[in-house]
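The values are calculated or read from the model by the stated rules, or taken from the named source; none is laboratory data. From a predicted model like this one, the values you see are computed outputs, not experimental measurements. Note: areas computed on protein heavy atoms with side chains; ligands, DNA, RNA excluded. Shrake-Rupley method; radii C 1.70, N 1.55, O 1.52, S 1.80 Å.
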Amino acid sequence: AGVHRQVLLTTVGWFVGYFLTKRTEYIHAKLDRELFEYVRQHPEDFKKAEKKRMGELLENFYPVR
């Protein structure tokens, strides 16, 4: 294949990738916006968890000799 074909296919591939990336970002942003709006409208379904201390999260340490 000639160099001109490689340049052409590289350019086409770059543009396709660019627009697919933009579309993917748009779809994810739209989904995020819908989910955040749902969480904002239904706070009773998403209650804040109580804060735990670090000692409550970790298991007790027993040294092995």
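What the table below lists for this structure:
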{"quantity": "Count of residues meeting criterion [of a type outside the set (S, T, Y) and open to solvent by less than 90 Å² (accessible area, probe 1.4 Å)] in the range 11-28", "calculated": "5"}
{"quantity": "Only listed residue being under 27 Å from the mean Cα position of the chain (by Cα), of a type in the set (A, V, I, L, M, F, W, C) and open to solvent by 100 Å² or more (accessible area, probe 1.4 Å), chosen from L57, L8, L31, L35", "calculated": "L57"}
{"quantity": "Odd one out for A49 among (1) open to solvent by 100 Å² or more (accessible area, probe 1.4 Å); (2) outside any helix (DSSP H, G or I)", "calculated": "(1)"}
